[in-house]
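The structure appears right after this line, and notes come after that.
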Amino acid sequence: QVQLVESGGGLVQPGGSLRLSCAASGFSLDYYAIGWFRQAPGKEREGVSCISSSDGHTNYADAVKGRFTISRDNAKNTVYLQMNSLKPEDTAVYYCAAPPLGYYCPDYVSDPADFGSWGQGTQVTVSS
């Protein structure tokens, strides 16, 4: 049973930081890429970042480059998204997702359609 569970969201002031976690069960992150996506009210779901399984190649949306960092801890079967210098426009529900085996993160942000297993999402709100 493949399952992904996001955690770490919450309310933070502009300029603050949060670390999101994506915990996997039913499969090992050793063999899967993991993507982070977000969906703000009234907007389409968009790719935020992706990390490949084999060589750790990553990508980031232009809007978060220099502020967000994706990483993995295979021993804990968890992928993280460290979010610094948060802005109000970062407010969204954040999802992690796993694609089929053999997927590698491209140089550009990932397409949600390529990912078949999704977590339930965690709310991130950036506001004063």
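Rule-based calculations on the coordinates, nothing more; no lab input. Nothing here was measured: the structure is a model prediction, and the numbers come from that model. All Cβ positions, glycine included, derive from the backbone under ideal geometry; neighbour counts span all protein chains shown.
List the lysines whose alpha-carbon lies under 27 Å from that of LYS87, not counting same-chain residues fewer than 8 positions away?
Cα-Cα hits under 27 Å: LYS43, LYS65.
I want to verify a result. In a Gaussian network model of the chain, Cα cutoff 10 Å, which of these has the top mean-square fluctuation: VAL48, VAL12, VAL79?
VAL12
Mind telling me which of ASP55, ASP73, ASP111 comes out most flexible in a GNM of the chain, alpha-carbon contacts under 10 Å?
Comparing ASP55, ASP73, ASP111 in a Gaussian network model of the chain, the most mobile one is ASP55.
With contacts defined as alpha carbon pairs under 8 Å and 6 or more residues apart, what's the relative contact order of the chain in percent?
After rounding, I find 37 percent.
Distance between the C-alpha centers of the range 82-128 and the range 32-52? Whole Å please.
Centre-to-centre distance over Cα atoms comes out at 3 Å.
Can you pull the three principal axis extents for the Cα set of the chain, in Å, largest first?
41, 26, 25
Which percent, to the nearest 5, of DSSP beta bridges fully inside the chain are antiparallel?
90
Excluding MET83 itself, calculate the net charge of residues whose Cβ lies under 13 Å from the Cβ of MET83, where each Lys or Arg counts +1 and each Asp or Glu counts -1.
Net charge around MET83: +2.
Sum up the charges of everything whose Cβ sits under 15 Å from the Cβ of PHE115, counting Lys and Arg as +1 and Asp and Glu as -1, but leave PHE115 out.
Here the count lands on -3.
With a 10 Å cut-off between alpha carbons and a GNM built on the chain, which of SER52, SER25, SER17 moves the most?
For the chain, modelled as a Gaussian network with Cα springs under 10 Å, the answer is SER25.
Could you derive backbone 3J(HN,Hα) for the range 35-46 from the dihedral phi with the Karplus parameters 6.51, -1.76 and 1.60 (θ = phi - 60°), listing whole Hz in sequence and x where the residue is Gly or Pro?
x, 10, 10, 9, 9, 8, x, x, 10, 6, 5, 10
What are the trypsin sites (Lys or Arg not before Pro) within the range 10-106 that DSSP puts in a loop, where the Cβ has at most 14 other Cβ atoms within 10 Å?
Those satisfying the criteria are LYS43, LYS65.
So if I place +1 on the C-beta of Lys and Arg and -1 on the C-beta of Asp and Glu, and nothing else carries charge, what would the dipole magnitude of the range 63-123 be about its Cα centre? I want it in debye, nearest 20.
Around 220 debye, computed over the range 63-123.
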